[in-house]
1. Within the stretch 149-176, count every residue that is buried (at least 20 other Cβ atoms within 10 Å of the Cβ) and either under 30 Å from residue 232 (Cα atoms) or out of contact with any helix residue (DSSP H, G or I) (no Cβ under 9 Å at 6 or more places or on another chain) (or both).
2. Exactly one of these conditions fails for residue 325: (1) farther than 30 Å from residue 54 by Cβ; (2) loosely packed, with under 15 Cβ neighbours inside 10 Å; (3) in the same structural domain as residue 369 (by TED's automatic domain parsing); (4) free of Cβ contacts under 8 Å to residues at least 24 places away in the same chain. Give me its number.
3. For the stretch 20-36, give me each residue that is closer than 14 Å to residue 51 by Cα and touching a helix residue (DSSP H, G or I) at 6+ places or on another chain (Cβ under 9 Å).
4. On the basis of being in a helix (DSSP H, G or I) and either in contact with a strand residue (DSSP E or B) (Cβ under 7 Å, 6 or more places away or on another chain) or more than 22 Å from residue 223 (Cα to Cα) (or both), does residue 304 make the cut?
5. So, of the residues in the stretch 307-341 that are assigned to a helix (DSSP H, G or I) and farther than 30 Å from residue 380 by Cβ, which turns out to be nearest to the chain's Cα centre (by Cα)?
């Protein structure tokens with residue numbers, strides 16, 4: 001007899017032989033006992049976990065001619081001895097069994113990937129209309145890879161599935177049940193198969209190795225089971241390959257873990273533990289040394305990245321399930337970590353070095369690196385770059401930690417040494433109420449907690465070295481750039497810009513930089529939080545960090561309470577905006593509308609009530625006009641103001657309309673002088689309401 005691979009030789013012949021699908025086998029056995037047989041079944045799930053096998057066992061149990069309760073068939077399991085069971089069984093588990101591979105006329109197994117068209121469906125519908133032979137009770141059709149069937153073929157089977165003959169039963173096996181039309185799924189019983197657990201695969205491999213007289217230890221079997229990735233057939237296929245390459249001892253194959261790992265092209269997870277230890281130690285050289293050794297040994301970069309991703313995933317699971325190093329996994333940890341006990345201890349040791357957020361960040365970086373390796377030419381360089389990012393990300397400080405320094409409570413002013421004053425530091429500075437009244441346009445951040453707004457105005461950025469202002473002392477806190485690891489870089493750190501007065505990214509701060517508690521900002525190299533003409537709220541977008549919306553809200557609230565100045569005069573602002581629009585070609589219509597609009601200052605919002613409708617408002621005041629208005633407000637030293645265009649209310653019936661004087665050279669003046677317009681005004685006693693300039697702007 002020709003050699004049979006292990007996956008076929010040890011294919012289950014009974015429901016009790018199936019590994020890891022108890023929820024399916026139990027339900028089907030109960031249905032057989034209660035005679036509650038459906039006319040359609042869908043078996044879906046991972047590859048190699050027993051979908052087609054259970055379909056064959058169910059077909060054999062349905063057509064088994066031996067009555068249930070007899071000595072040959074005490075339960076609903078097929079007897080495996082009658083003619084129908086022998087014809088349906090595709091292979092036996094015993095080498096010298098009397099079962100021979102045969103074919104049953106009443107049970108037909110069809111490859112739907114090949115026979116997937118509408119003609120095949122019509123032929124199948126014609127076959128199912130004929131009754132089974134006298135020795136069988138049902139005519140059963142098993143369609144493997146059912147998701148490959150075309151929509152037209154499904155439509156041809158739809159009516160037969162809805163009202164099938166009494167003897168017809170359909171079984172669909174698929175790995176992609178979502179591709180089967182919902183109209184088909186609703187007419188069938190759907191069984192979702194689970195991936196086989198690691199312990200179940202290891203137990204089955206141990207049973208087969210004993211049967212085959214193979215010398216193998218538990219660590220090697222666990223490695224084979226992990227390679228199966230929840231598929232019993234994949235694990236048996238890899239085991240077949242390992243047996244073929246293994247040396248023989250006393251005529252029996254001898255499997256070793258190093259030989260199996262070399263055959264699979266994988267490396268020991270010890271190297272990934274070493275990589276994470278180097279990352280924890282902030283040692284980039286060790287990381288490159290380890291990965292270089294692996295690549296020089298002939299390992300592929302994609303395979304290394306894939307295996308590292310799996311290791312990081314297990315490390316995260318060990319962290320979130322609080323698996324301590326050296327302890328046995330129980331409960332959720334044992335359920336989620338389908339790896340050997342030795343590997344569980346290893347990932348627990350790696351997880352103890354990092355936080356859950358750091359491990360999640362590592363996994364995100366490696367997943368992106370693994371994706372990039374698929375279409376990059378220099379795969380080695382990209383893998384090394386991805387691993388170096390793990391080291392770099394350890395030098396980051398959360399932006400929340402930096403922002404927390406701004407909210408420190410005032411205490412007594414500590415003494416500051418000249419060395420501290422000469423460092424590049426950020427010192428909060430507050431102005432007195434008198435100074436606030438003399439410079440009301442200064443941008444502000446927020447008043448420190450507990451400080452009265454009547455005694456101190458919020459600080460704002462400015463260049464240090466100017467006239468020193470009374471400082472609001474802060475509680476001394478550790479530098480946000482210092483930690484148990486060497487020199488961290490803030491994740492989204494911001495420092496006041498000495499040129500613009502706004503914020504700029506901080507890529508590499510000094511090692512000793514931090515928040516100086518009450519240090520006077522008098523040296524040229526330091527930065528202080530003081531006044532600046534540039535608005536802080538405009539320079540600090542909310543997308544920079546998670547606390548951005550709260551900070552921007554505080555800035556807006558502070559700006560809304562500032563005292564009014566001459567620049568806040570609505571009439572002056574109206575003239576400024578009208579002139580800004582009139583000076584640009586193509587914006588004459590918007591400029592003329594501002595002449596008829598009403599300007600009202602409501603806090604830090606300039607409300608412009610136009611005479612346009614909601615439909616015409618965005619047409620006249622387009623994106624260009626909006627940008628010009630914002631620029632004009634900023635140039636008029638009213639950068640903290642925002643404007644709001646409002647549509648006009650319809651005029652009451654009979655109300656007299658104020659005549660408008662068109663500007664010289666404008667589109668309105670040209671329209672008034674046009675003969676056709678003058679004729680229309682004379683005939684209909686009308687007036688020009690709106691003029692839109694559609695001429696070329698270039």
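1. Residues that pass the stated criteria total 7.
2. Of everything listed in (1) farther than 30 Å from residue 54 by Cβ; (2) loosely packed, with under 15 Cβ neighbours inside 10 Å; (3) in the same structural domain as residue 369 (by TED's automatic domain parsing); (4) free of Cβ contacts under 8 Å to residues at least 24 places away in the same chain, residue 325 misses just condition (4).
3. 20, 21, 24, 25, 28, listed by residue number.
4. Numbers: in a helix (DSSP H, G or I): yes; either in contact with a strand residue (DSSP E or B) (Cβ under 7 Å, 6 or more places away or on another chain) or more than 22 Å from residue 223 (Cα to Cα) (or both): no.
Answer is no for this residue.
5. So the first thing to find is which residues in the stretch 307-341 are assigned to a helix (DSSP H, G or I), and the list is 307-320, 332-336, 341.
The next check asks that each one be farther than 30 Å from residue 380 by Cβ; those that pass are 320, 332-336, 341.
Working: 320: 19, 332: 24, 333: 24, 334: 26, 335: 24, 336: 21, 341: 31 Å.
Per the criteria, the residue is 320.
Yes/no matrix, rows are residues, columns are (1) free of Cβ contacts under 8 Å to residues at least 60 places away in the same chain; (2) surrounded by fewer than 20 Cβ atoms within 10 Å (Cβ to Cβ); (3) assigned to a loop (DSSP other than H, G, I, E, B):
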residue	(1), (2), (3)
200	no, yes, no
213	yes, yes, yes
237	no, yes, no
259	yes, yes, no
286	yes, yes, no
289	yes, yes, no
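The rows are residues; the columns are (1) farther than 21 Å from residue 623 by Cα; (2) in contact with a helix residue (DSSP H, G or I) (Cβ under 6 Å, 6 or more places away or on another chain); (3) modelled with pLDDT of 75 or more.
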residue: 650; (1), (2), (3): yes, no, no
residue: 661; (1), (2), (3): yes, no, no
residue: 666; (1), (2), (3): no, yes, no
residue: 669; (1), (2), (3): yes, no, yes
residue: 676; (1), (2), (3): yes, no, yes
residue: 684; (1), (2), (3): yes, no, yes
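Conditions (1) in a helix (DSSP H, G or I); (2) in the same structural domain as residue 240 (by TED's automatic domain parsing); (3) closer than 30 Å to residue 243 by Cα; (4) over 41 Å from the mean Cα position of the chain (by Cα), marked per residue:
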residue	(1), (2), (3), (4)
122	yes, no, no, yes
130	no, no, no, yes
147	yes, no, no, no
170	no, no, no, no
178	yes, no, no, no
210	yes, yes, yes, yes
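The values are calculated or read from the model by the stated rules, or taken from the named source; none is laboratory data. Quantities reported herein were computed from a predicted structural model and do not represent experimental measurements. For neighbour counting, all protein chains shown are included, and Cβ atoms are generated from backbone atoms with ideal geometry for every residue, glycine included.
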